[in-house]
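Participant: One structure coming up, written as structure tokens, with questions to follow.
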Amino acid sequence: VLDRGMLYPRSSESRSLFNLDGMWNFRVDASPSRNDSFDKKWYLQPLDKTGSVIPMPVPSSYNDITQDKSIRDFVGWAWYDRQFYTPATWNSQRIVLRFGSAHYYTIVWVNYQEVMRHDGGHLPFEAEVNSYLYFDRVNRVTVAVNNTLTSTTLPPGSITYKADPNMYPPGYFVQDLQMDFFNYAGIHRHVTLYSTPRVYVDDITIVTDIFKENGIVNYTIKTGGPSDQISLKVEVVDKDEKVVASSTKNQSSLIVHNARYWWPYTMNPKMPGYMYTLRVTLVSVNGTDVYRQPFGIRTVRVLGSKLLINQDPFYCLGVNKHEDFDIRGKGLDYALIAKDFNLMKWLGANCFRTSHYPYAEELMDQADQQGIVVIDESPGVGIGKISKAATKYYKLGKLKCSKRSMENVYFQECQKHQPNKRRIKEQVKNRKKKVKKKMKSEFFKRDENFGNVSLAHHLEVMEELVRRDKNRPSVIIWSVANEPATNKPIAEPYFKTVLNHVRSLDLSRPVTFVCNQNFNNDVAIPYVDIILVNRYYGWYSDTGHTELIQRQLEYDFRQWHQKYAKPMILSEYGADTVPGIHRDPSFVFSEEYQVEFLQEYHQALDTMRRDFVVGEMVWNFADFMTAQGITRVLGNRKGIFTRDRQPKMSAHVLRSRYLNIANNT
Ligand code: GCB
């Protein structure tokens, strides 16, 4: 398990921050080998000495900033650098350089010396940089970030080289994604230089419980730096700045009498999201460090077929989101965060899933403060997902073995020879065997996603996610993956290990993954606390047939429940809808179809809602960008809001449902 903390950088009496956001120099390494930049050691000189650079905003994805297609679709090393001065007053302090996230693999140099590497987007990383910094002249930070997805990254992906010289130039390759969103890349969140005293608060873990009207605050504090004699003061401070409990131990259990619990806003509209602060004061001969950790007092429990928050049943009126917007891609954007929370409130939503990767800490803060519940998902999307080629082949294979095509074999045989029954039988058998073999090899192609390298990385990513978000009251469920191929036997030990590992890190929240397999073939569901299932009846199957949705969804969900007796959430359902297209009777892609589609799901959900279904989450909150493909018209259009956050007809329908349910429970 990770041996150090990753507290959010906050200023205090003892800590200062210096933001390195802004325009950086930028350049991609588009050399055929994609490695020129390392061969030529770009990191040993200012970036503008290696070739021509362009200004690039941080934070932002770089893809949609320029008019250059090759930058939009770039795969490989992208380079950034900028200069800065270190505040002279920080001379005796510990100085840390922190990245909120960068996608995907990142190497950072300060004054041409490597200071850290990080594997994976969406999560923060930092390093102490004192020994690399100058106080008497300008400093330079250089960043190389590589967005190549491989069979062992999260999300996994692959690179296919195109060898046919008649069709492709030498070295031509394409990146295949196993996920349905654009692979935005770059420095996506804040870059911060911050100072702490040499002896400092390194990590804080808070787990709360409730007993009648009292809150119980179990905490553990880890300190860092030279192990001097230190003393601690730990105080629970309420919103009025009143100290309501305190201790001098690094680990203890405090009682807050007559506590104000943290509630989702739908369960307590008058006082949602009540946050306390754990104020930690560390005194050593090296100075005093003060860190204020926000937290809420609440419990989450799965009991039978119910999901309880503070012992009361919770029903998730949810949306699935993406970090996605025009121009900045996945770059942190406060205006967008504020707008989306306002829209969620307008909609009556009380819950969202961070599909399909951890979202910015600044966004998660709003969930805590506004009383919106979060299903916190790792970037494990599409693990082991069968390739498009395999799916195509599977269908083709079936076709090749169909009765009609076998009749064809027979027919061809009859043309060529005297009808010979034995020979025909043999032919058919051989053909079936060949097709089966090919299908099998395609089916197992993505098994590397379940290998030891992937598993070790997945465990580490989950540790980083739990470390970052463990103190957030809004986070009520950990989701370790979305739609993995858990119909394969190889997925069982993999997911058993990942799910149990997360449980060992945090006993206070249910753990799950989001499943799109069936009740009779999934091998990992036995290891989850709550079942989250994605369904697209009436869209990807029986397209256009909304009249089948109720029957199919109800049958399906009742089977799951009968088998596992766990609470369930419909974690995705949705239909692509082009705003402004109208058809009556409804037709796919029209606004009417989306409305009718959602309403059919709602009717089915209502028959199970008071029983074992504890939530519903539409796919998706807003339209979002995907890779180019023939099934996506400028991205995925299943949003109930457009990409620029205007409502489609469906948003009004969902709004009246959510407000109605919230008011009647
Ligand atoms: C899913 C995936 C999501 C896709 C969605 C769709 O099941 O979880 O990432 O975007 O379907 O629209 O196909």
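Participant: Whether any residue in the stretch 189-202 is closer than 30 Å to Y62 by Cβ and touching a Gly at 6+ places or on another chain (Cβ under 6 Å) is what I want to check.
Facilitator: yes
Participant: Kindly check whether there is at least one residue in the stretch 352-368 that is within 22 Å of N663 (Cα to Cα) and either out of contact with any strand residue (DSSP E or B) (no Cβ under 9 Å at 6 or more places or on another chain) or assigned to a loop (DSSP other than H, G, I, E, B) (or both).
Facilitator: no
Participant: For the stretch 150-177, what are the residues that are surrounded by 14 or more Cβ atoms within 10 Å (Cβ to Cβ) and polar (S, T, N, Q)?
Facilitator: T150, S151, T152, T153, S158, Q175
Participant: Something else about it: I need the strands (runs of 3 or more DSSP E) fully contained in the stretch 264-338, keeping only those with at least 1 residues that are more than 22 Å from Y359 (Cβ to Cβ) and not charged (D, E, K, R).
Facilitator: It comes to 276-284, 287-295, 300-303, 306-309.
Participant: Moving on to the next point. Name the pairs whose Cβ atoms lie under 8 Å apart, with the first residue in the stretch 270-288 and assigned by TED's automatic domain parsing to the domain that holds Q369, the second at pLDDT 95 or above and in a strand (DSSP E or B), and 6 or more positions between them or separate chains?
Facilitator: Nothing qualifies.
Participant: So, in the stretch 636-665, how many residues would count as being outside any helix (DSSP H, G or I), in contact (Cβ under 8 Å) with a residue 40 or more places away in the chain and either of a type in the set (A, V, I, L, M, F, W, C) or surrounded by fewer than 22 Cβ atoms within 10 Å (Cβ to Cβ) (or both)?
Facilitator: Summing the residues that are outside any helix (DSSP H, G or I), in contact (Cβ under 8 Å) with a residue 40 or more places away in the chain and either of a type in the set (A, V, I, L, M, F, W, C) or surrounded by fewer than 22 Cβ atoms within 10 Å (Cβ to Cβ) (or both) in the stretch 636-665 gives 8.
Participant: Against the definition (in contact with a His (Cβ under 6 Å, 6 or more places away or on another chain), buried (at least 17 other Cβ atoms within 10 Å of the Cβ) and touching a residue at least 40 places away in the same chain (Cβ under 8 Å)), how does F597 come out, yes or no? Walk me through it before giving the result.
Facilitator: Details: in contact with a His (Cβ under 6 Å, 6 or more places away or on another chain): no; buried (at least 17 other Cβ atoms within 10 Å of the Cβ): yes; touching a residue at least 40 places away in the same chain (Cβ under 8 Å): yes.
No; evaluated as a whole, the condition is false for this residue.
Participant: Restricting to the stretch 522-548, and then to whatever is away from the ligand (no atom under 16 Å from the Cβ) and more than 25 Å from the chain's Cα centre (by Cα), can you tell me which residue is surrounded by the most Cβ atoms within 10 Å (Cβ to Cβ)?
Facilitator: T546
Participant: Also, quick follow-up: Taking only the stretch 1-56 into account, find how many residues are touching a Gly at 6+ places or on another chain (Cβ under 6 Å) and closer than 30 Å to T223 by Cα.
Facilitator: Final tally of qualifying residues: 0.
Participant: I would also like to ask the following. Name the single residue that is surrounded by the fewest Cβ atoms within 10 Å (Cβ to Cβ) among those in the stretch 214-239 being at pLDDT 95 or above and in a loop (DSSP other than H, G, I, E, B).
Facilitator: K239
Participant: Conditions: (1) over 25 Å from L605 (Cα atoms); (2) in contact with a helix residue (DSSP H, G or I) (Cβ under 8 Å, 6 or more places away or on another chain); (3) surrounded by fewer than 21 Cβ atoms within 10 Å (Cβ to Cβ). Q369 meets all but one. Number of the miss?
Facilitator: In the conditions (1) over 25 Å from L605 (Cα atoms); (2) in contact with a helix residue (DSSP H, G or I) (Cβ under 8 Å, 6 or more places away or on another chain); (3) surrounded by fewer than 21 Cβ atoms within 10 Å (Cβ to Cβ), Q369 misses (2) alone.
Participant: Yes or no: V595 away from the ligand (no atom under 14 Å from the Cβ) and in the same structural domain as T543 (by TED's automatic domain parsing)?
Facilitator: yes
Participant: Continuing with this model, one more query. Please identify the pairs in which a residue from the stretch 167-186 that is within 16 Å of Y62 (Cα to Cα) has its Cβ atom under 6 Å from the Cβ atom of a residue that is away from the ligand (no atom under 13 Å from the Cβ) and part of a strand (DSSP E or B), counting only partners at least 6 apart or on another chain.
Facilitator: Cβ pairs passing all conditions: Y184/G329; A185/H103.
Participant: Same structure again: Please go through the stretch 48-58 and give me each residue that is within 20 Å of N139 (Cβ to Cβ), under 32 Å from the mean Cα position of the chain (by Cα) and surrounded by 13 or more Cβ atoms within 10 Å (Cβ to Cβ), ordered by number.
Facilitator: Selection gives V53, M56, V58.
Participant: Would you be able to tell me the number of residues in the stretch 600-614 that are surrounded by 20 or more Cβ atoms within 10 Å (Cβ to Cβ) and either within 16 Å of the ligand (Cβ to nearest atom) or hydroxyl-bearing (S, T, Y) (or both)?
Facilitator: Going through the stretch 600-614 one residue at a time, the tally reaches 1.
Participant: Separate question: Give the residue that is farthest from the ligand (Cβ to nearest atom), with candidates limited to residues of the stretch 460-482 that are part of a loop (DSSP other than H, G, I, E, B) and crowded, with 24+ Cβ neighbours inside 10 Å.
Facilitator: P473
The values are calculated or read from the model by the stated rules, or taken from the named source; none is laboratory data. Small disclaimer: the values here were computed from a predicted structure and weren't measured. Counting neighbours? That spans all protein chains shown, and the Cβs are built from the backbone with ideal geometry, glycine included.
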